[in-house]
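The next block holds one structure in the form of structure tokens; read it before the comments.
The values are calculated or read from the model by the stated rules, or taken from the named source; none is laboratory data. What you see is a predicted model, and the numbers here were worked out from it, not measured in a lab. FYI the Cβ positions are ideal-geometry reconstructions off the backbone, even for glycines, and counts take in every protein chain you see.
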Amino acid sequence: MTKETEKLLVKTALEYRKRAYTPYSGYKVGAALLAKNGTIYGGCNIENAAYTPTNCAERTAFFKAVSEGVTEFEAIAVFGGYDGGKLKVCAPCGVCRQVMAEFCDPDEFIIYIGTSEEDYKPHTLREMLPFSFSPKELEK
């Protein structure tokens, strides 16, 4: 991936963070998912009064892409923090990491997390989810 694409991914995640629906926690997360075909799918977290129907930004982006027939991905950028406050390092939750494991090569898929457009770091999915359960475990 080019540095230009990487920066666009980060910028898109920060833009999608503004769209988060978080009336209960106030913790806004934005994600930008880069498909191998070059398309970027944005997502934000969407809370619900019943809590369990809440959806994370990362899964929102993945589900948008998969619903469009796209299932091959290169990277995702994730940024979060309380509304009006400083951004915090916001690593994907376990459920989101498991969704990533469904579609992504753990050694090639990159997850960018950080606190600003200038301060972020890449991590592989394997670093974030060293013992994943993927479709390979279901092969006979």
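Structure data summary
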{"read-out": "Qualifying positions in region 106-140 - of a type in the set (G, A, S) and surrounded by 13 or more Cβ atoms within 10 Å (Cβ to Cβ)", "value": "G114, S132, S134"}
{"read-out": "G85 being surrounded by fewer than 22 Cβ atoms within 10 Å (Cβ to Cβ) and modelled with pLDDT under 95", "value": "yes"}
{"read-out": "Some residue of region 126-133 being of a type in the set (F, W, Y), under 14 Å from the mean Cα position of the chain (by Cα) and either more than 18 Å from L33 (Cα to Cα) or at pLDDT 95 or above (or both)", "value": "no"}
{"read-out": "Number of the exception - F103 against (1) in contact with a strand residue (DSSP E or B) (Cβ under 8 Å, 6 or more places away or on another chain); (2) hydrophobic (A, V, I, L, M, F, W, C); (3) crowded, with 21+ Cβ neighbours inside 10 Å", "value": "(3)"}
{"read-out": "Residue in region 31-50 that is surrounded by fewer than 18 Cβ atoms within 10 Å (Cβ to Cβ) and touching an Asp or Glu at 6+ places or on another chain (Cβ under 6 Å) present", "value": "yes"}
